[in-house]
Each structure stands twice: as C-alpha cells, then as structure tokens.
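See below for the structure under consideration.
The values are calculated or read from the model by the stated rules, or taken from the named source; none is laboratory data. Since the model is a prediction, treat every value here as computed from it, not as a measurement. Cβ placement follows ideal geometry from the backbone for every residue including glycine, while neighbour counts extend to all protein chains displayed. Please note that ligands, DNA and RNA were not included when accessible areas were found on the heavy atoms of the full protein model with its side chains. Shrake-Rupley method; radii C 1.70, N 1.55, O 1.52, S 1.80 Å.
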Amino acid sequence: MDEKELFNRIALNVRVERTIKRLTQAQLAELINVHEKYIGKIETGKQNITIKTLNKLASALNIDICRLLEEKS
C-alpha cells in the first residue's frame with residue numbers, strides 16, 4: 001500500500017466514525033484541539049498526520065486506533 005492509499009483509508013475511516021458519533025468536523029476539531037479545516041484535510045486524504053494526532057482522533061471518537069487503519073469492505 002502506498003501513502004496515498006493509506007491517507008485515503010484513514011480519511012474514509014475518520015469520516016465514517018465521526019458521522020457515526022454524530023459529530024461535525026468543528027466538534028471533532030475542538031475535541032483534539034486543531035482547526036476544523038485540518039479535519040477537512042484529513043477526511044479528504046490531503047493531510048499527512050502524525051501517530052500522535054491519529055491517537056487523539058481515535059481517543060476523541062472513543063475507538064481503537066486500529067479502526068482508523070482498517071480497510072472497509
């Protein structure tokens with residue numbers, strides 16, 4: 001898997017999990033102390049994020065970090 005595929009997988013998973021939790025991008029951004037545009041870039045696969053940020057997202061979404069890396073079938 002190349003980086004683009006990984007970013008797109010994370011993007012989809014963040015968007016799906018955020019939607020399931022009924023959070024807006026702004027609300028999720030506030031939970032992890034970033035700007036909502038940053039969340040938008042993550043959800044479009046345009047933002048390279050750190051493991052630290054990935055962990056913050058998982059924590060804010062109350063899921064295991066592995067769920068953000070899983071391939072959806």
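Side notes on the structure shown:
- Rough spin-label spacing in nm, given labels placed 7 Å along Cα→Cβ, for V16 and S59: 2.4
- Projected label points at T44 and T24, each 7 Å from Cα along the beta carbon direction, are separated by 1.8 nanometres.
- Greater than 19 Å apart at Cα, pairs in K4/K56; K37/K72; K4/K41; K21/K56; K4/K46: K4/K56; K37/K72
- Solvent-accessible area of the chain (1.4 angstrom probe, protein heavy atoms only): carbon and sulfur portion equals 49 percent.
- The share of Cα pairs per 5 Å bin across the chain, counted from zero up to the longest distance, runs 3, 18, 33, 30, 12, 3, 0 percent.
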